[in-house]
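The structure under discussion appears below in the form of C-alpha coordinates.
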Amino acid sequence: MNTIILGVDLAKTAFSVCEMDAAGHVRRRLDLKRDAFSLWLAQQPAGTVVAMEACSGAHHWARRCHEYGLQPRIIAA
(Lines give C-alpha, C1' and ligand atoms only; values in the text may rest on other atoms or scores of the structure.)
Protein backbone atom coordinates (compact mmCIF):
# COMPACT_ATOMS: atom_id res chain seq x y z
CA MET A 1 0.00 0.00 0.00
CA ASN A 2 1.22 3.48 -0.80
CA THR A 3 1.29 6.38 1.59
CA ILE A 4 -1.66 8.68 0.99
CA ILE A 5 -1.70 10.86 4.12
CA LEU A 6 1.14 12.53 5.97
CA GLY A 7 0.34 13.87 9.43
CA VAL A 8 2.81 16.56 10.47
CA ASP A 9 3.41 18.06 13.90
CA LEU A 10 5.14 21.37 13.21
CA ALA A 11 7.58 22.44 15.91
CA LYS A 12 10.41 24.91 16.28
CA THR A 13 13.37 22.71 15.41
CA ALA A 14 12.23 19.15 14.63
CA PHE A 15 9.00 18.07 12.93
CA SER A 16 7.30 14.75 13.63
CA VAL A 17 5.77 13.02 10.60
CA CYS A 18 3.40 10.05 10.54
CA GLU A 19 2.84 8.26 7.21
CA MET A 20 -0.52 6.51 6.80
CA ASP A 21 -1.90 4.25 4.07
CA ALA A 22 -5.41 4.13 2.57
CA ALA A 23 -6.63 1.80 5.33
CA GLY A 24 -5.50 4.25 8.04
CA HIS A 25 -2.60 2.13 9.21
CA VAL A 26 0.61 3.85 10.27
CA ARG A 27 3.41 2.90 7.91
CA ARG A 28 6.23 4.75 9.72
CA ARG A 29 7.10 7.73 11.87
CA LEU A 30 9.91 10.21 11.31
CA ASP A 31 11.49 13.13 13.15
CA LEU A 32 13.04 15.62 10.74
CA LYS A 33 14.82 18.93 11.17
CA ARG A 34 13.42 21.92 9.27
CA ASP A 35 15.82 21.69 6.28
CA ALA A 36 15.52 17.92 6.01
CA PHE A 37 11.72 18.19 6.15
CA SER A 38 11.67 20.56 3.18
CA LEU A 39 13.86 18.22 1.11
CA TRP A 40 11.81 15.19 2.18
CA LEU A 41 8.52 16.90 1.18
CA ALA A 42 9.88 17.51 -2.31
CA GLN A 43 10.36 13.75 -2.74
CA GLN A 44 6.76 12.82 -1.91
CA PRO A 45 4.45 11.79 -4.77
CA ALA A 46 2.13 14.45 -6.16
CA GLY A 47 -1.37 14.35 -4.73
CA THR A 48 -0.31 13.15 -1.28
CA VAL A 49 -2.37 14.79 1.49
CA VAL A 50 -0.29 16.61 4.10
CA ALA A 51 -2.30 17.33 7.26
CA MET A 52 -1.00 19.77 9.88
CA GLU A 53 -2.36 21.67 12.83
CA ALA A 54 -3.08 25.35 12.27
CA CYS A 55 -0.25 27.48 13.65
CA SER A 56 1.83 30.44 12.55
CA GLY A 57 4.07 28.31 10.32
CA ALA A 58 1.36 26.09 8.83
CA HIS A 59 0.52 28.51 6.01
CA HIS A 60 4.17 28.70 4.98
CA TRP A 61 4.38 24.91 4.80
CA ALA A 62 1.04 24.71 2.97
CA ARG A 63 2.42 27.02 0.26
CA ARG A 64 5.53 24.85 0.06
CA CYS A 65 3.33 21.74 -0.31
CA HIS A 66 1.47 23.38 -3.21
CA GLU A 67 4.81 24.06 -4.92
CA TYR A 68 5.58 20.32 -4.71
CA GLY A 69 2.16 19.23 -6.00
CA LEU A 70 0.96 18.01 -2.62
CA GLN A 71 -2.46 18.65 -1.06
CA PRO A 72 -2.08 20.50 2.27
CA ARG A 73 -4.83 20.36 4.87
CA ILE A 74 -4.66 22.82 7.77
CA ILE A 75 -6.68 21.50 10.70
CA ALA A 76 -7.96 23.54 13.66
CA ALA A 77 -6.33 22.77 16.99
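The values are calculated or read from the model by the stated rules, or taken from the named source; none is laboratory data. What you are looking at is a predicted structure, and each value in this text was computed from that prediction instead of being measured. For accessibility, only protein heavy atoms count, side chains too; no ligands or nucleic acids. Shrake-Rupley method; radii C 1.70, N 1.55, O 1.52, S 1.80 Å.
Could you state the accessible area per residue of the chain in Å², with a 1.4 Å probe and every protein chain left in place?
Result: 62 Å² per residue.
If each DSSP helix of 4+ residues adds -39,500 (n - 2.57) and the sum is divided by the residues in the chain, what number results at 222 nm, nearest 500 deg cm²/dmol?
Values: 2 runs with 19 residues, N = 77.
My calculation for the chain gives -7000 deg cm²/dmol from helical runs alone.
To put it simply, the accessible area of the chain at a 1.4 Å probe is 53 percent carbon and sulfur.
If you restrict to DSSP beta bridges whose two residues both lie in segment 5-75, what percentage is antiparallel, to the nearest 5?
Of those bridges, close to 55 percent are antiparallel.
Structural descriptor for the chain: relative contact order 28 percent, calculated from alpha carbon pairs under 8 angstrom and at least 6 residues apart.
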